[in-house]
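Single-structure report; data block below.
FYI, it's all coordinate maths here, none of it is from the lab. Note that this is a predicted model, so its numbers are computed, not measured. Every residue, glycine as well, gets a Cβ built from its backbone with ideal geometry; the counts of neighbours run over all protein chains shown.
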Amino acid sequence: MDSGLKRFVYDFLKVNDSREGAASIEPLPGDGSKRRFWRMGSLGAGKRFIVMANPPVNQYAYKENNAYIEIGKHLKSKGVPVPRIYLFSPEKGWVIMEDLGRPNLQEVVKESENPLPIYRKVVKELLHLQLKGAEGFNVEWCCQTASYDHTVMRRDESHYFRDAFLGTYMGFNKEWSDLEVSFRHLAAMASQANSGFFLYRDFQSRNILVDKGRIGLVDWQGGRMGPLGYDLASLLIDPYTALSLPIQKEIYHFYLSLLAEHDPGLLDDFAKYYPYLSLQRNLQILGAFAYLSKVQGKAYFEDYIPGALKSLSRLLDEVKDPELDPLREVFMTLPQPGS
């Protein structure tokens, strides 16, 4: 933590604590982003805070920081369990916010014999944020696209899979023009889902905190409008937790029961397009893990690629759609999970 950021932190403590200084400043491990985080304990009040630094070195970083603040404040106002933001410097990209605790859901699942009770809590929060988050949401806050649209599906998911996974990671030097049939069809089907809801975009276990049974959510800056099924798919096919298929199905049906209580008219749309949204998310996961491991040098992401391939294999088997045959054929050329 540089001297300027320390001064920012201590000035905050002067106003919000009885004693200047910090009892502890603990760097937190990074993940897939360039943002840096610290956990800070105050001397006088016995409170903990999270400090984030994301210097606005370009226009996108500036927009990302704005999305973090505006979407975060919006979700908090709707009762979504995101941290309260105490102080923000737009010029520096520094944020001080509430600490929602630890561990994350991935760590909880690893130590749990039965993860279903905690997933029921998570899924309740998910539906709440999808419904309430859409109320009064201003798409001008978004740092990427205003909604989950064709641009995201093609550029950031299917083509990401093609370029980062098949090309960079697997080393296949091909244009893969035959895949466009499947990619166009996937996007066309996924685009038909009702998109009048708040979409978190990265609703996976490392972004979900579980502190004494209470759920907390982080990394919401990619939020936008979108369909219900995408975030549930992100949660269920998450390679970090590698949930068994029976557990996935139980969580899926619990979510459906909550959705039916809210509006049974949403069920048919959800069930029809959920498989296509799951496939889109699975392609994004493989593209991201390939890019992070090979381009950014974060080799530990490579450990999760076999699980993502396994879920892609299952989804391609389950979705009996001939338009996906080109994708199936390409998949069959890959080293299969466990081989």
Practice problem: Consider all pairwise Cα distances in the chain and report the whole-number % of them above 27 Å. | Solution: 48 percent
Quiz item: Helix 267-294 versus the longest principal axis of the chain: what is the Cα-based angle in degrees, 0 to 90, to the nearest 10?
Solution: 70 degrees
Practice problem: Quickly rank 119-129, 2-12 as a protection proxy: mean count of other C-beta atoms within 10 Å, highest first. | Solution: 119-129, 2-12
Practice problem: Using the structure shown, select from K47/K110; K47/K73; K76/K212; K110/K132; K6/K212 the pairs with a Cα to Cα distance greater than 23 angstrom. | Solution: K47/K110; K110/K132; K6/K212
Exercise. For every helix of n ≥ 4 consecutive DSSP H residues, a contribution of -39,500 (n - 2.57) applies; sum these over the chain, divide by its total residues, and give [θ] at 222 nm rounded to the nearest 500 deg cm²/dmol.
Key: -14000 deg cm²/dmol
Self-check item: Most mobile of L286, L235, L243 in a GNM of the chain (Cα contacts under 10 Å)
Solution: L243
Exercise. For S244 and K63, compute 0.36 nm times the residue count separating them, minus their Cα-Cα distance, and round to one decimal in nm.
Key: 61.4 nm
Quiz item: Can you work out the FRET efficiency for the pair N194 and K73, with r the C-beta to C-beta distance and R0 = 30 Å, to the nearest 0.05?
Solution: 0.70
Quiz item: How would you order 198-206, 322-330 from highest to lowest mean count of nearby Cβ atoms within 10 Å?
Solution: 198-206, 322-330
Self-check item: Spatially proximal lysines relative to K298 (Cα-Cα < 20 Å; intrachain offsets below 8 disregarded)
Solution: K34
Quiz item: Nearest 10 degrees, 0 to 90: what angle lies between the long axis of helix 179-190 and the longest principal axis of the chain (Cα atoms)?
Solution: 60 degrees
Quiz prompt | Theoretical gain in end-to-end length, F172 to M332 [0.36 nm per residue, Cα-Cα removed] | solution = 56.2 nm
Quiz prompt | Simple spin-label estimate for L258 and K272 in nanometres, 7 Å along Cα-Cβ | solution = 2.4 nm
Self-check item: Principal-axis tilt of helix 116-132 within the chain, Cα atoms, nearest 10 degrees
Solution: 80 degrees
Self-check item: Taking N as its residue count, the alpha carbon Rg of the stretch 3-98 over 2.2 N^0.38 Å
Solution: 1.08
